[in-house]
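Read the structure below first, then the notes.
We did not get these values from a lab; they are worked out from the coordinates using the rules stated. The shown structure was predicted, so the numbers you read here are calculated from the model rather than taken from an experiment. Virtual Cβ from ideal backbone geometry, glycine too; neighbours counted across all protein chains shown.
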Amino acid sequence: MTGNSLPPVKLTDSGRPVLLPNEIECFFLSGVDLLCEDEPNTWFPHLKSGLLILTTHRLLWIPDAAVDASTSASSVPLASISHIFPHKKSLKSVFASPRVRFQVSPSPERGVATAGSRSVVVTVVVRGKGDCDAFVAKFWENWRARAWEESEKAMSSSSNVAAVAGSSSSGIYSSDGTVRMVGVSGILRKEQEMWESTDKSLQDAFQDLNALMSKAKEMVMLAEKMRQKLLSGSNSQTNTTNDEEMGSKEEMQELLLSVGIISPVTKESAGALYHQQLSRQLADFVKVPLDRAGGIINLIDIYCLFNRARGTELISPDDLLQACSLWEKFDVPIVLRKFDSGVMVIQNKSHSDEEVFTKIKVLVMKPDALRSGISPSDAAMTLGVAPAMAKEHLLSAESKGILCRDVSPDGFRFYINLFSEIDRDDMHLVKDHGIYASWIRATPAHG
Amino acid sequence: MQKLGEFKLPHFFNYPPYFTLQPVRDTREKQIQLWKELILDYCKTQKVFVIGLEEEFPLFTNTVIERSLTFEAREAFLLALVSEGRAEWMDKGHRKCLILWHRIQEWADILLQFAKDNGLEDGVVTIEEIRFGTESQGTELQGIDRTILNRALKLLEQKGKLVVFKGTSTDDEGIKFSV
């Protein structure tokens with residue numbers, strides 16, 4: 001039985017990996033096995049059918065809870081990879097799942113294997129859909145870029161700067177000749193440099209974009225044609241058991257998604273991988289604003305907050321909706337909820353309507369409230385939520401028969417429901433100690 | 001307790017939501033029921049036979065809490081009365097409503113009783129006398145609405161309990177009982 005001597009991957013509550021500083025995700029592949037076919041193998045585990053994430057620093061493997069709940073998420077630091085084998089095309093490879101092979105050297109200081117272990121050759125078996133060639137290309141790119149060394153250099157150089165700052169140094173030039181970034185002028189200079197480099201890269205990007213724009217019309221038409229084909233294809237097949245068809249259809253779907261066109265076959269394919277990851281990311285993000293908003297928050301507010309936090313690569317309202325609706329499939333503690341009025345909110349699963357109604361009942365039985373009712377702002381203060389949310393709660397309470405509305409030139413207010421307290425057969429009857437009696441006591445009779 | 005003229009109003013007349021047509025079905029049903037009762041009660045004691053939707057009706061406004069029923073609400077409550085047979089629209093445009101705090105049949109019975117009480121089983125009496133005569137003083141027939149009276153008379157005529165005959169003018173219209 002081989003042990004697992006790979007560094008573990010920390011996951012958030014929603015199953016998203018916790019990334020290192022400066023680490024960026026580059027590629028996703030689903031249905032991936034990681035195994036070592038060498039004999040003997042003392043330390044590389046056999047990881048079956050998980051999600052493989054290629055980042056700038058590591059290869060992350062996250063188990064699919066449905067398949068294998070016992071294995072934990074593991075990683076292979078790119079730094080410990082000594083060689084990536086080129087893909088050999090053979091007759092066998094045409095029919096089998098694509099495979100990628102690389103060699104991993106033990107590196108105990110990175111958490112890979114124990115001292116004295118041997119290097120092993122690891123095989124990545126891509127059983128799910130996914131562009132293996134693109135993955136391999138990115139794999140090479142990231143491995144050669146050695147992004148982890150810059151992070152390490154940055155960490156050690158920042159400690160160097162601290163040391164240098166300790167010793168005497170005046171003037172704007174530091175010992176190695178580069179301009180020092182000190183004081184306000186330093187900050188300004190840094191900003192300036194950043195803007196200049198961004199500007200240049202934007203210019204480069206726009207060169208390509210201008211070329212694209214001239215082709216834009218043709219591209220859009222082509223994409224539309226593909227989408228129509230997908231739609232008609234999915235409608236004509238009633239029982240798609242043809243794997244190859246499904247594979248190429250899903251590839252097309254990913255292509256379209258990357259161009260920004262909404263996937264037309266989402267219901268059949270159980271959500272593209274993009275939406276699944278987005279869904280988990282959103283679930284993590286939502287926690288803090290949700291608590292701050294008192295456990296219930298407007299969907300529109302989350303849309304603004306989430307996109308503002310992302311900065312670039314903004315998501316569309318449709319993406320957001322799809323991501324929220326996927327929460328049902330994962331084990332996250334939040335749900336999307338639609339009120340009768342059409343307002344959509346995100347709230348904690350633990351949120352109890354009954355609790356809210358109890359609080360409302362208490363509020364509305366206070367003497368002031370008995371006399372002049374409550375407005376959504378009054379409720380907002382008591383419930384600790386936004387006035388718009390409070391209004392939804394009041395309307396829910398009304399539909400449950402707890403409250404009644406009073407519409408007048410003074411505005412929209414709610415009172416405790418007295419109608420249910422009034423006797424059907426004798427409208428002058430007032431029971432002692434009832435709500436009706438309390439109301440009468442609180443509202444002095446006039447005239 | 002608040003009063004409207006001599007009429008004793010129930011406590012909930014000062015409950016602001018009472019004057020807003022409630023959207024929730026169960027609540028609205030209760031609200032409608034209370035308004036129906038109140039309207040009938042008021043009309044009976046104040047001898048009001050007709051309610052005009054576009055006219056001022058004291059019951060539909062509460063100056064103390066500064067609330068008034070909207071047109072929609074008034075229509076809803078009167079419609080409820082009509083559905084129950086306790087009221088009738090007098091015009092196609094549904095602007096005037098005849099309030100039947102006694103149903104026509106009940107009025108007919110009251111008329112018959114009146115005849116018996118005053119020894120008029122075979123007698124003759126004018127419309128005027130029924131409405132404003134000394135015998136009807138203090139009874140429910142006093143000041144009865146003409147339309148309602150005519151309907152009750154027609155009903156009894158069909159049953160053969162009386163005959164309506166015209167006099168020289170409308171004031172002379174009379175009936176001969178044959179109870």
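Projection of the Cα convex hull of the stretch B:3-99, averaged over all directions and equal to a quarter of that hull's surface, yields 6.0 nm².
A Förster radius of 51 Å, combined with the Cβ-Cβ distance separating A:Asp38 from A:Asp204, puts the computed FRET efficiency at roughly 0.70. The distance between label points at B:Phe132 and B:Val48 comes to 2.3 nm (points 7 Å beyond Cα on the Cα→Cβ vector). If you look at the Cα atoms of chain B, you get an Rg and a Dmax of 18.9, 57 Å. Say the dipole of the stretch B:3-99 comes from +1 at the beta carbon of Lys and Arg and -1 at that of Asp and Glu; which of B:Phe60, B:Cys43, B:Ala73 then lies farthest toward its positive end? Of the listed residues, the answer is B:Cys43. Of the three principal axes defined by the Cα atoms of the stretch B:135-179, the extents in descending order read 27, 25, 19 Å. Annotation: Cα Rg of the stretch A:69-135 relative to the compact-globule expectation 2.2 N^0.38 Å equals 1.31.
The slack between A:Arg189 and A:Cys304, meaning 0.36 nm per residue of separation minus the straight C-alpha distance, is 38.2 nm. Computed over Cα pairs, the Kirkwood radius of the stretch B:104-177 leads via Stokes-Einstein (1.306 mPa s, 10 °C) to a diffusion coefficient of 132 µm² per second. For A:Thr55, the amide hydrogen comes within under 5 Å of the amide hydrogens of A:Cys26, A:Leu60, counting only partners 5 or more places away or on other chains and with H modelled in the peptide plane. About the centre of its Cα atoms, the stretch A:308-447 shows a dipole size close to 280 debye [charges on the beta carbon of Lys, Arg (+1) and Asp, Glu (-1) only; nearest 20 debye].
Grab the other residues whose beta carbon is less than 13 angstrom from that of A:Leu202, score K and R as +1, D and E as -1, and report the net. It works out to a net charge of -3.
What does the charge add up to near B:Gln142, with Lys and Arg as +1, Asp and Glu as -1, over the other residues with Cβ less than 10 Å from its Cβ? Every neighbour counted, the sum reads 0.
Panel order for A:Asp133, A:Asp378, by other beta carbons found within 10 Å of each beta carbon, from fewest to most: A:Asp133, A:Asp378. Listed by Cβ neighbour count within 10 Å, with the fewest neighbours leading, A:Glu313, A:Glu328 appear as A:Glu313, A:Glu328. Projected onto their three principal axes, the Cα atoms of the stretch A:303-414 cover extents of 52, 30, 21 Å, largest first.
With the alpha-carbon atoms of the stretch A:1-97 aligned to their principal axes, the span from lowest to highest coordinate is 43, 31, 26 Å, starting with the largest.
Here A:Asp301, A:Asp353 are placed in order of increasing Cβ neighbour count within 10 Å, fewest first, which gives A:Asp353, A:Asp301.
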